[in-house]
Amino acid sequence: MRRVLATPAGALGAGIVGLVAVAALFAPWIAPYDPDALAVLDRFAGLSGAHLLGTDQLGRDLFSRLLHGATVAMGVSLSSIAIAGLAGTALGVLAASVPVGAL
């Protein structure tokens, strides 16, 4: 980790990943609106103080949807990393325990 943070690009990348992880973790408290709430009168609203990234075709706030989507994406990615780590560890242990000429 020290080598990654030693370069400007590595520090920037680690900062962005950290920011996304914190935003995904605190999304229910950061998001200004319910991500599934419809506001048909606010359809296709542009950038404003009320809607930081605007709204979609159904009037849903895009910033709130982005934060809650990051939560789902982080959950899926962390669970897939955990599954791959467990499978890789199991295969590594199996490969180390089988004698060389056994197969």
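The values are calculated or read from the model by the stated rules, or taken from the named source; none is laboratory data. In this text, all values refer to a predicted model and were calculated from it rather than measured experimentally. Positions of Cβ are generated from backbone atoms using ideal geometry, with glycine treated the same way; all protein chains shown enter the neighbour counts. Accessible surface areas use protein heavy atoms only, side chains included; no ligands, DNA or RNA. Shrake-Rupley method; radii C 1.70, N 1.55, O 1.52, S 1.80 Å.
Summary table below
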quantity: Filtered residues of the range 1-32 (kept if within 18 Å of Leu52 (Cα to Cα), in contact with a helix residue (DSSP H, G or I) (Cβ under 7 Å, 6 or more places away or on another chain) and of a type in the set (A, V, I, L, M, F, W, C)); calculated: Val20, Ala23, Ala24, Ala27, Ile30, Ala31
quantity: Some residue of the range 2-9 being outside any helix (DSSP H, G or I) and over 22 Å from the mean Cα position of the chain (by Cα); calculated: yes
quantity: Enumeration of residues in the range 48-98 that are assigned to a strand (DSSP E or B) and of a type in the set (Val, Ile, Thr); calculated: Thr55
quantity: Residue selected from the range 27-52 under the condition open to solvent by 40 Å² or more (accessible area, probe 1.4 Å) and of a type in the set (A, V, I, L, M), by the criterion nearest to Met1 (Cα to Cα); calculated: Ile30
quantity: Selection count, the range 53-85, where residues are open to solvent by 70 Å² or more (accessible area, probe 1.4 Å), touching a residue at least 12 places away in the same chain (Cβ under 8 Å) and over 11 Å from Asp36 (Cα atoms); calculated: 3
quantity: Residues within the range 7-26 that are within 19 Å of Val76 (Cα to Cα), open to solvent by 40 Å² or more (accessible area, probe 1.4 Å) and free of Cβ contacts under 8 Å to residues at least 24 places away in the same chain, tallied; calculated: 5
quantity: Qualifying residue in the range 10-20 (condition: part of a loop (DSSP other than H, G, I, E, B) and within 21 Å of the chain's Cα centre (by Cα)); calculated: no
quantity: Verdict on Ala84 being of a type in the set (A, V, I, L, M), modelled with pLDDT of 95 or more and over 25 Å from the mean Cα position of the chain (by Cα); calculated: no
quantity: Test for Arg60: is it within 23 Å of the chain's Cα centre (by Cα) and of a type in the set (D, E, K, R); calculated: yes
quantity: Residue under evaluation Pro35, criteria (1) in contact with a Ser or Thr (Cβ under 6 Å, 6 or more places away or on another chain); (2) on the phi > 0 side of the Ramachandran plot, criterion not met; calculated: (2)
